[in-house]
Amino acid sequence: MATLALLAVGKKVENSFEITEDFKGIDIAAISADVLFTISDSDKCTVVCKDNEKISYDVSVLNGSLEILQIKAKDNRKWYEHITFFDFGSSKIIVSLPRDMICSALVETNTGDVTCSPKLSFSDLYIITDTGDVKLEDIKTEKNFSLKTDTGDATISGITANYMKIEADTADIKLSGGSVTEKLEISTDTGDV
């Protein structure tokens, strides 16, 4: 008689952080979590991290001249805990920004998707992903927008920027509406634009 052993994926937990310090930029280093920017219902920035109990998040404002809100994932799983057959519910980092806040953002994720709610504004927005998809709608950047993806597809509509650079390996890029006032660069190896 054969037996089947299913490896546990660990319990999902949710941690919320209210950011009380001022900051000018956001730096997110995610492992596999989806990253979602939303508009806050209040004048405070909040960060909600939903993930496996063995993945912890350091959410803090680094002092200094830049005052960066840093959100960094730390994977505390053993090598064998990465082998799973079922993983119910995706990991997420939800950053809720006040409607009138404008800051720069750098988002790096391996497999997580990146999404922004419409009507958000950034001074600069940089997104780097390996296989995660990117969906942006009606986003304003005062200066630069940059997206680098390997295989994750990108759907971008209604974005405004002075400078926009999109690089992809095999990803499909869908770009519609919006405006670029200075320079637009789009390059892909084998993906469609």
Subject >> Selected residue (criterion: most open to solvent (accessible area, probe 1.4 Å)) from residues of segment 27-51 that are among the hydrophobic types (A, V, I, L, M, F, W, C) and in contact with a Ser or Thr (Cβ under 7 Å, 6 or more places away or on another chain) >> reply: Leu36
Original post:
Quick check, is Asn144 within 16 Å of Asp27 (Cβ to Cβ), open to solvent by 40 Å² or more (accessible area, probe 1.4 Å) and at pLDDT 95 or above?
Top reply: yes
Original post:
Which of the residues spanning segment 20-64 are assigned to a loop (DSSP other than H, G, I, E, B), out of contact with any Lys or Arg (no Cβ under 9 Å at 6 or more places or on another chain) and not acidic (Asp, Glu)?
Top reply: Phe23, Lys24, Ser32, Ser42, Lys44, Asn63, Gly64
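Which of the residues that make up segment 101-121 are of a type in the set (A, V, I, L, M), closer than 14 Å to Leu147 by Cβ and buried (at least 19 other Cβ atoms within 10 Å of the Cβ)?
If the condition is that a residue be of a type in the set (A, V, I, L, M), closer than 14 Å to Leu147 by Cβ and buried (at least 19 other Cβ atoms within 10 Å of the Cβ), then Ala105, Val107, Val114 are the ones that fit.
Could you check segment 127-193 for strands (runs of 3 or more DSSP E) lying wholly inside it with 1 or more residues that are under 23 Å from Ser32 (Cα atoms) and of a type in the set (A, V, I, L, M, F, W, C)?
Because the criterion is at least 1 residues that are under 23 Å from Ser32 (Cα atoms) and of a type in the set (A, V, I, L, M, F, W, C), the strands (runs of 3 or more DSSP E) in segment 127-193 that meet it are 134-137, 144-149, 154-157, 160-168, 173-176.
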Subject >> Matching residues, segment 115-126, being under 26 Å from Ile31 (Cβ atoms) and part of a loop (DSSP other than H, G, I, E, B) >> reply: Ser117, Leu120
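Just checking, which of Lys78, Lys54 is open to solvent by 60 Å² or more (accessible area, probe 1.4 Å) and modelled with pLDDT of 65 or more? Reasoning before the result, please.
On the way: Lys78 fails: modelled with pLDDT of 65 or more.
Just one listed residue meets the conditions, Lys54.
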**OP:** May I ask you to list the residues in segment 94-114 that are in a loop (DSSP other than H, G, I, E, B) and among the charged types (D, E, K, R)?
**Re:** Arg99, Asp100, Asp113
Original post:
Which of the residues that make up segment 122-141 are surrounded by fewer than 24 Cβ atoms within 10 Å (Cβ to Cβ), more than 17 Å from Leu97 (Cα to Cα) and either touching a Pro at 6+ places or on another chain (Cβ under 9 Å) or of a type outside the set (A, V, I, L, M) (or both)?
Top reply: Asp130, Thr131, Asp133, Lys135
Subject >> Residue identified as more than 23 Å from Glu137 (Cβ to Cβ) and at pLDDT 70 or above among Ser60, Ser65 >> reply: Ser60
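The values are calculated or read from the model by the stated rules, or taken from the named source; none is laboratory data. Note that the structure is a prediction, hence the values are computed from the model and not measured. Here the Cβ is made from the backbone with ideal geometry for all residues, glycine too, and neighbour counts use every protein chain on show. Ligands, DNA and RNA are excluded from the accessible area calculation, which covers all protein heavy atoms including side chains. Shrake-Rupley method; radii C 1.70, N 1.55, O 1.52, S 1.80 Å.
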